[in-house]
Each structure stands twice: as C-alpha cells, then as structure tokens.
Amino acid sequence: MTKKLPTIAVIGATGAAGSGLATRWAAAGYRVLVGSRSAEQASIFAAAIGAEAMDYVSAAAKCDIAVLTVPYEVQRAVLTNLKDSLQGKILVDVTVPLAAPKVTRVQLPAEGSAALIAQSVLGEGVRVVSAFQNVSAAHLKNMDELIDCDVLVTGDDPAARSEVVTLAEALGLSAIEAGPLDNAVAAEALTSLLIWINRRYKSSGAGVRITRVPGR
Ligand SMILES: NC(=O)c1ccc[n+]([C@@H]2O[C@H](COP(=O)([O-])OP(=O)(O)OC[C@H]3O[C@@H](n4cnc5c(N)ncnc54)[C@H](OP(=O)(O)O)[C@@H]3O)[C@@H](O)[C@H]2O)c1
C-alpha cells in the first residue's frame, strides 16, 4: 500500500526560497498550502502552481509539515504566532541568520543558530528539522534544472529527519542526514561562505557536495 503524501504548508511562500520549494512540491504531487501575509499574492501564486492559498496560521493548522521561509529578522515573531498550530508536527526551518549588510561573513545568533531559536520558541512538542540553507532559490525556481548539490538535513528526531530527506528528494535534490539540530549551525554558517564564493567567482548559486558516502 502506498503511503499518503503529507500536506505541506510553506510559510512565506511568495518569497524567493518559499516559492521555489512550493512550486516543486506542487509539481511533485504534494498538496501544498501557500502561507502568505497577502491574500491577493497568495491566491495568484497558488492558482499558478496548483496549490491552496491561506494565511500563515491557517496553513500551519491544516498541514502535516510546515516549512518556514521568512527573513531571519521575523523568524521568532512568525513562529511565536504559529506555536499552537504546529504542536505535534514537523517544522522545517530554512532560515539563515544573515545580518545585512555583511552577508558574506558568518554571524551567528547568541542562541547558537536559527534552528535552535525555532526549537526554543516552538517547544518540545514540535519536531524541528533544519534544511535547504545551502540551496539557492535561483536554482529552485528553474524547474527544468536538476540541482547539483546536497541538502544537509539536521534534527533531533530521526524519523522527522528521514521525512525531510524524502521531501528534498521529491524535489529532485540530493539530501543527506547530518546529525542533531545542534549541527544546523554548520549549514547556516556555510551559506555566508557560498554567497562569498558566488561573488568571488561570479557564480550563481554555488552549493555543497558531501563526498565518499557509501551508497550515494
Ligand atoms: N533566497 C535564497 O536563495 C535562500 C536560500 C536558502 C535559505 N534562504 C532563507 O530562506 C528565508 C527566506 O529567504 P528569501 O530569500 O526567500 O526571502 P524573501 O524573498 O525576502 O521572502 C521572504 C518571504 O517571507 C515573508 N515575510 C514575512 N514577514 C516578512 C517581513 N517582515 N518582511 C519580508 N518578508 C516577510 C514574505 O512572504 P509573504 O508575503 O508571502 O508572507 C516574503 O516573501 C531566509 O531566512 C533566508 O535566509 C534563502
């Protein structure tokens, strides 16, 4: 018997990262809830990709798995608002704690990482998994592109980590489990290096690849 696909809410779905992820999951056959502050933008975008538009709280309440793609500056406030709706679910945190204007420099929050902030805001009733920090939105948007990089997936709950690996693979990405949520700091920090590399080598969306893992 085939397992029913989870319903995915993308919170901040009209942004660069969120729209790419939402478009690819919808194309892969998932029921996608476009969570947006703007009802108008959400309906136009959702109609274009075959998804459903709603506000953040409704999307979080109706999903099985929520994916957070909002700027770091508002991450805490948005999650505080969604805390009740997300209990018992998986929250995939895509946030990178970039501090403009020095986005090519690693600057981490006092709490350790954006992922640890997410877990502390949501509490133990939500399984937080960190992923997609090192995948450029430019690549996600190009539906014809097979994206050549690994997605590092960290989280404290092995089953939740594994589910997020499946979600990444459904997008045509290669995903690899990289340990507990404490390790998310490494993936978040890598993003500043990748932005620096893009500027230095005039690349668009450099990524990471983990080598010499058996079976991959
Ligand atoms: N862009 C990338 O290549 C990339 C790659 C990896 C990780 N990330 C991370 O993903 C997150 C989103 O990045 P992004 O590049 O997609 O950002 P973005 O294009 O600016 O979009 C962010 C979305 O967040 C929502 N939002 C909620 N409150 C907001 C506020 N006060 N101001 C602005 N937007 C607000 C908006 O969606 P609604 O209007 O629909 O609510 C907005 O479209 C960030 O944490 C970033 O570090 C980005």
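What follows draws every value from the coordinates through simple rules; no lab data is involved. All values derive from a computational prediction rather than experimental measurement. Every residue, glycine among them, receives a Cβ derived from its backbone with ideal geometry; neighbour counts consider all protein chains shown.
First check a/c for region 157-198, with a ≥ b ≥ c the square roots of the eigenvalues of its C-alpha gyration tensor; if it is under 1.5, answer rounded, and if not, answer prolate when a/b is larger than b/c or oblate otherwise.
Since a/c reaches 1.5 but b/c is at least a/b, the shape of region 157-198 is classed as oblate.
In terms of the Cα gyration tensor, with a ≥ b ≥ c the square roots of its eigenvalues, is the chain rounded because a/c is under 1.5, prolate because a/b exceeds b/c, or oblate? Let's see the in-between values first.
Working: a/c = 1.26, a/b = 1.19, b/c = 1.06.
Here the chain falls in the rounded category.
About its Cα centre, how strong a charge dipole does the chain have in debye, to the nearest 20, once Lys and Arg get +1 and Asp and Glu get -1 at the Cβ?
Its charge dipole is roughly 440 debye.
Under a plain spin-label model, where a point goes 7 Å from the Cα along Cα-to-Cβ, how far apart in nm are SER162 and LEU5?
Between SER162 and LEU5, the simple spin-label model gives 2.1 nm.
With a sphere of radius 14 Å drawn around the Cβ of GLU111, what net charge do the other residues whose Cβ falls strictly inside it have (Lys, Arg +1; Asp, Glu -1)?
Around GLU111, the charge tally is -2.
For a footprinting-style exposure proxy, rank GLU124, GLU111 by other Cβ within 10 Å, fewest first.
GLU124, GLU111
Can you give me the C-alpha center-to-center distance between region 1-46 and region 110-144, rounded to a whole angstrom?
The distance from the Cα centre of region 1-46 to that of region 110-144 comes to 16 Å.
Anyone know which of ASN81, ASN134, ASN183 comes out most mobile in the 10 Å Cα GNM of the chain?
Top of the fluctuation ranking is ASN81.
Could you point to the residue in VAL103, LEU171, ALA46 farthest towards the positive end of the chain's charge dipole, with +1 and -1 charges on the Cβ of Lys/Arg and Asp/Glu respectively?
About the Cα centre, the residue reaching furthest to the positive side is VAL103.
In region 39-145, which trypsin sites (Lys or Arg not before Pro) fall in coil by DSSP and have 13 or fewer other Cβ atoms within 10 Å?
In loop regions of region 39-145 (DSSP not H, G, I, E or B), the sparsely surrounded trypsin sites (Lys or Arg not before Pro) are LYS102, ARG105.
Can you find, among TYR56, ALA115, GLY207, the residue sitting farthest towards the positive end of the charge dipole of the chain, where Lys and Arg contribute +1 and Asp and Glu -1 at Cβ?
GLY207
Quick check on region 8-201: of the DSSP beta bridges with both residues there, what percent are antiparallel, nearest 5%?
10
Which of CYS149, CYS63 comes first, and how do the rest follow, when ranked by fewest Cβ neighbours within 10 Å?
CYS149, CYS63
Most exposed first by the Cβ proxy, i.e. fewest other Cβ within 10 Å, how do MET54, MET143 rank?
Ranking MET54, MET143 by Cβ neighbours within 10 Å, fewest first, gives MET143, MET54.
Hey, what number do you get for the chain at 222 nm if only DSSP H runs of n ≥ 4 count, each worth -39500 (n - 2.57), divided across all residues, to the nearest 500?
When only DSSP H runs of four or more count, the value is -12500 deg cm²/dmol.
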